[in-house]
Amino acid sequence: MAELTQSSVVHFSRAEIVSILFGLILAMFLASLDQTIVATSLSTMAQDLNGWALISWVVSAYLVASTVTTPIYGRLSDLYGRRPILSVAITLFLGASVLCALSQNMPQLIGARVLQGVGGGGLRSVALAAIADIIPPRERGRYQGYFSSTMAISNVLGPVLGGFFSEYLTWHWIFWINLPFGLLALLLCWRNLRRLPKPRRRPIIDWLGAALILASTTPILIGLGQAEAAAGWGRSEVLVPLAIGAAFLAVLIYREREAPEPIIPLRLFANRIFAVACLISLSMSMVMIAMIILVPLDFELGTGLAPNDAGLRLIPMTGGTVLGSFIVGRLVSRTGHYRIFPILGAGAMTLLCGAIAEVGLGRSWPLDTFLTALLGFSFGAQLPSVMVPVQNALDLPDTGVGLSVVMFFRLIGGAFGVALLTALLVGDLNAGALALPGHDVLGPHPGIALLHLDKQDSVNPALMTGLQHAVRNAFSRVYLWAAAISGLTLIASFGLKEIPLRGA
């Protein structure tokens, strides 16, 4: 295992930290942005490249590749150092962005998106680990808040930018725009991280473990994507990938227990803080990412807002996430305590999901803003207060892989939460619509049809009134499920042990 002695730790000035932070935030912003920026441009891409049958893979290819490579990058950065691994990740990301922009057909674009995701997985995980190398845990909360805010902003800004480029320029600019910012991030990271200490021992890489991570995670993510698309879990295209992924996961666990230098050291899970943080990240992300998808959908179906207008209703939630992450991050640094904030954040998340289920969205703009802003604040309060304890509890040689595994659980949780709650929503919509006379105009699967009901000319007023009632009831039940998951997050938060934050 790579070793770093206390004497090898380098101290950075405030000006150096600001410069490093800017480069790392820029790298993470690009990785997060490219997960959402294509959302509003998919139809334009499919029409231009004549690839409607493969349209969903433009998003899924990046998501799967960036998720499965996250823990691998973390371990490689522990073995080889942050600077070279992050530079390789940025270079891959930029090269793939060029290939995406130059794609002439849909298979080429999907292949380039896979390569772009391989680079994007390193941008996120190694950037977090690099911050852990240069800033003491006691001061890390305020800086962690910047990273959490970056991810929250990119979730909303991505679709807006994608729509702007598609409407006023071309969809190719979605990828060309990465070049100037990516080159700047590469320059800053290569120049500023050169003083980081390098691992001293010859690295031994668990290539079989890395291959098993890919073999287990990829089909699981594909199965979750199919569950979301089909709005159900009983189909073979969902169950077969999940079964394959579970089988390889069992092999992975056995391999990592026996490997001398595992890619994911299972001993980390013996650390209570690390294990609880992974659980909190998983369950909290199930709610947070699902609500980013469901809230605009609620405004579209429940109140008839256009997609762009419904997307703007996410701004209070995003602003609340940024504010919560920033405030709690500074409070963690100022007080040296972190355990209370995940508890308060998860408790508020539970109450607010329950309140939204009871009151509903779309009745009052001020009330919608108030509830969604507070919900976003509850998300933000949990982000830095979960990552900082992990950085503080792990030894420095394990920081990269530890943070990347927590990030991995967050990404998997988001994918699972969206698939689960979307399937529950469509199931309730389907049941509600089938109970209404005249539902035949929506086809054999009215629940799925409601999600894509752009034109309502074929729906008579009486049926539309009944459908609106079914939509309100379906979303109310889904928010109650989100509250239940939030309650599990609250229970897990009480298990987070508090130890003093190191000052060095």
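The values are calculated or read from the model by the stated rules, or taken from the named source; none is laboratory data. Model, not experiment: these values are computed from the prediction. Ideal geometry is used to build each Cβ from the backbone, glycine not excepted, and the neighbour counts take in all protein chains shown.
Residue-wise test of (1) modelled with pLDDT of 85 or more; (2) of a type in the set (A, V, I, L, M); (3) assigned to a loop (DSSP other than H, G, I, E, B); (4) not assigned by TED's automatic domain parsing to the domain that holds Lys497.
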{"residue": "Ala229", "(1), (2), (3), (4)": "no, yes, no, yes"}
{"residue": "Ala243", "(1), (2), (3), (4)": "yes, yes, no, yes"}
{"residue": "Val251", "(1), (2), (3), (4)": "yes, yes, no, yes"}
{"residue": "Ala275", "(1), (2), (3), (4)": "yes, yes, no, no"}
{"residue": "Ile280", "(1), (2), (3), (4)": "yes, yes, no, no"}
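Condition check ((1) modelled with pLDDT of 75 or more; (2) over 30 Å from Arg75 (Cα atoms); (3) surrounded by 22 or more Cβ atoms within 10 Å (Cβ to Cβ)) across all residues:
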| residue | (1), (2), (3) |
| --- | --- |
| Leu403 | yes, no, yes |
| Leu425 | yes, yes, yes |
| Ala431 | no, yes, no |
| Pro437 | no, yes, no |
| Val478 | yes, yes, yes |
| Ala484 | yes, yes, no |
| Arg502 | no, no, no |
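Any residue at all in the stretch 415-428 that is free of Cβ contacts under 8 Å to residues at least 60 places away in the same chain, touching a helix residue (DSSP H, G or I) at 6+ places or on another chain (Cβ under 7 Å) and under 29 Å from Pro219 (Cβ atoms)?
Restricting attention to the stretch 415-428, the residues satisfying the condition of being free of Cβ contacts under 8 Å to residues at least 60 places away in the same chain are 424, 428.
Okay, now just the ones that are also touching a helix residue (DSSP H, G or I) at 6+ places or on another chain (Cβ under 7 Å), so 424, 428.
Restricting the remaining residues to those that are under 29 Å from Pro219 (Cβ atoms) gives 424, 428.
For the stretch 415-428, residues free of Cβ contacts under 8 Å to residues at least 60 places away in the same chain, touching a helix residue (DSSP H, G or I) at 6+ places or on another chain (Cβ under 7 Å) and under 29 Å from Pro219 (Cβ atoms): present.
Mind telling me which of the residues Ile289, Ile343 ends up being out of contact with any Gly (no Cβ under 9 Å at 6 or more places or on another chain) and either within 20 Å of Leu403 (Cβ to Cβ) or touching a residue at least 24 places away in the same chain (Cβ under 8 Å) (or both)?
Values: Ile289 fails: out of contact with any Gly (no Cβ under 9 Å at 6 or more places or on another chain).
So the residue among Ile289, Ile343 that is out of contact with any Gly (no Cβ under 9 Å at 6 or more places or on another chain) and either within 20 Å of Leu403 (Cβ to Cβ) or touching a residue at least 24 places away in the same chain (Cβ under 8 Å) (or both) is Ile343.
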For Ala290: the one exception among (1) closer than 30 Å to Gly427 by Cα; (2) of a type in the set (Gly, Ala, Ser); (3) more than 19 Å from the chain's Cα centre (by Cα): (3)
